[in-house]
Amino acid sequence: MDLEHLFNGSALNAVDAKGRLSVPAFIRGVIERRSDAKAVILGAHEVDPCLTAYDRGYGRILHAENERRRLLEEGEDATAHYARARRTFGITEDVPYDTSGRIILPPMMRRKGQIEDLALFVGVGGTFEIWNPYLALKSGDEDLRDLAAYRLEEKGFSL
């Protein structure tokens, strides 16, 4: 995948009471280079208390990765494959964004990511994450904690 098709960067944006949220320009730019659809797929992250997100076309890559892992695990634990497939494809929401780049965060995704009034976007290459920045401050990842603290301070929020 070309560098221009990877999610790089971070941003902190407000979430209103109705769940409206602006998707940062650095995210929209990659989505629009990778896909014709102005939409994001949101799902629960595999290990962290945040959301993972990507464009519609990235599903093919996720399917191939799930199949690779299934073949490696074959005979060990079949339930792991099905749980991963449900998490990857069943517990997701396809969310279009409007001309100004806003989405409405679906209630289930908001609950899964524990997103309240702020959302921290973090590019992680092929996908991006959406964090409650206060949960990111408690992460075991020192760099993520530093990033969350910086973005909160930059916008004038207390730690």
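The values are calculated or read from the model by the stated rules, or taken from the named source; none is laboratory data. What you are looking at is a predicted structure, and each value in this text was computed from that prediction instead of being measured. FYI the Cβ positions are ideal-geometry reconstructions off the backbone, even for glycines, and counts take in every protein chain you see. Surface accessibility is based on the protein's heavy atoms, side chains included, excluding ligands, DNA and RNA. Shrake-Rupley method; radii C 1.70, N 1.55, O 1.52, S 1.80 Å.
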| remark: segment 128-159 and segment 60-99 have their Cα centres apart by a whole-number Å value of 28
| message | To make sure I understand the rule: partners must be lysines, Cα under 29 Å from the Cα of Lys38, and not fewer than 8 residues away in the same chain. Which ones qualify? | response | Lys18, Lys112, Lys155
| field | Sulfur and carbon atoms: percent of accessible area, the chain [1.4 Å] | value | 50
| message | Under the rule a/c < 1.5 gives rounded, and otherwise a/b versus b/c splits prolate from oblate, where does segment 106-159 land using the Cα gyration tensor? | response | oblate
| note | Given a 1.4 Å probe, the accessible area of the chain per residue, as a whole number of Å², is 55
| remark: Here, GluC sites (Glu not before Pro) of segment 99-144 satisfying both criteria (DSSP loop; at most 12 other Cβ within 10 Å) are Glu116
| remark: If R0 = 30 Å, then Glu32 and Leu71, at their Cβ-Cβ distance, give a FRET efficiency to the nearest 0.05 of 0.35
| Remind me, relative contact order of segment 1-97 in percent, using alpha carbon pairs under 8 angstrom and six or more residues apart? | 28
| Distance (nanometres) between label positions extended 7 Å along Cα→Cβ at Arg111 and Ser158 | 3.1
